[in-house]
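For reference, the structure is listed below as structure tokens.
Derivation of every value follows stated rules applied to the coordinates shown; laboratory data play no part. Since the structure is predicted, the reported quantities are computational estimates derived from the model, not experimental observations. Please note: Cβ atoms are built from the backbone with ideal geometry, for glycine as well, and neighbour counts cover all protein chains shown.
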Amino acid sequence: MTQLAEQTVLVTGANRGMGREYVDQLLDRGVAKVYAAARDPRTIDVQDARVVPLELDVTDAGSVARAADTAYDVSVLINNAGIARGASVLNPDTSVLRLELETNLFGPVMLASAFADRLAERNGAVVNVASVLSWIGLGGTYGVSKAALWSATDSIRTELTPRGVQVVGVYVGYVDTDMAAAVQAPKADLATVVRAVLDGIEAGEVEVLADDISRAVRAHLNEPIEAQFARLQPVV
């Protein structure tokens, strides 16, 4: 992928936060169309003829199939939708972990599968928004789901790169959105993060480290786990 201008993009979780910012910045870059996906498409309020609200529940296979039928012309898929509950992984009630896995892992995997052939036909791109918590176990059940997405993204890349599809993993710490409103740790600027991701797509990158903490963690993954944990615990 070189330029986003004239591409047709699907953004999940597009009704607020980072998803809404993706839509706005994609329009600024001259895309031909944006399918702005949300469970309730009435919550998509961007007033631009290029924006097509799309009903999508990423946890529902039938909803994914219907979205794939509707958005037949997609060339770039941005798997942005996600939830964060961050429960203890030792909680005997695994319902929170299961819900996070359904949304943060199985949703992106189902969408990548549903659109794979079309993206290959168009030499397109898949973008999976993961987290710095993919790399170190400080995020409870949320970190587990994002670690799984990291692994899945690498596996998707192995399968789709030979078919001409750019597969991008995005890693970022807390971002200044409603999801992180209660977090006291430093937060990355929303617009800056999204701009880095879109720049990465256009530059042909396969991994976007969208803030300082993600770059720092990635740089030290070769350290013993004890050292990584000690380094990050005060700031994540």
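One table, with the values for the structure above:
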read-out	value
Mean Cα-pair separation over length for the stretch 34-88, i.e. relative contact order, pairs under 8 Å, 6 or more apart, %	27 percent
The stretch 1-103: relative contact order in percent, alpha carbon pairs under 8 Å with at least 6 residues between	28 percent
The stretch 42-121 - Debye-derived log10 I(q)/I(0), Cα point model, q = 0.17, 0.23, 0.24 Å⁻¹	-0.76, -1.11, -1.17
Amide H contacts under 5 Å for V51, placed H, 5+ residues apart	V34
Net lengthening on full extension, A32/A219 (0.36 nm per residue, minus Cα-Cα)	63.6 nm
Förster radius 22 Å - calculated FRET efficiency between E159 and E6, Cβ distance, rounded to 0.05	0.25
Relative contact order of the chain, defined on C-alpha pairs under 8 angstrom at six or more residues apart (%)	18 percent
Distance (nanometres) between label positions extended 7 Å along Cα→Cβ at N91 and T43	2.0 nm
Within the chain, helix-based [θ] at 222 nm, where runs of 4 or more DSSP H residues each add -39,500 (n - 2.57), nearest 500	-12500 deg cm²/dmol
Computed E for D24/T70 - FRET, C-beta separation, R0 22 angstrom, nearest 0.05	0.50
Cβ charges +1 (Lys, Arg) and -1 (Asp, Glu), total dipole of the stretch 1-44, debye	180 debye
The chain: radius of gyration over Cα atoms, expressed as a fraction of 2.2 N^0.38 Å	0.97
Most fluctuating residue given options G30, G13, G124, as computed from a GNM of the chain linking Cα atoms under 10 Å	G30
Amide proton proximity set for E207, modelled H, under 5 Å, gap of 5+	G169
Most mobile listed residue (L221, L99, L190) in the chain, GNM with C-alpha springs under 10 Å	L221
nm² value of the averaged projected area, convex hull over the Cα atoms of the stretch 1-138	8.8 nm²
Debye, to nearest 20: dipole size of the chain, +1 on Lys, Arg Cβ, -1 on Asp, Glu Cβ	120 debye
Gaussian network model of the chain, springs between alpha carbon atoms under 10 Å - residue of V168, V96, V132 with greatest fluctuation	V96
Calculated log₁₀ intensity ratio I(q)/I(0) where the Debye formula runs over C-alpha points of the stretch 119-166, q = 0.14, 0.15, 0.16, 0.17 Å⁻¹	-0.40, -0.44, -0.49, -0.53
Options S75, Y35, S145, ranked by Cα towards positive dipole end of the chain, top entry (Cβ charges)	S145
Interchain or long-range residues, amide H under 5 Å from A188's placed H	Y174, V175, D176
With Cα atoms, 0 to 90° folded angle of helix 107-121 axis to the chain main axis	40 degrees
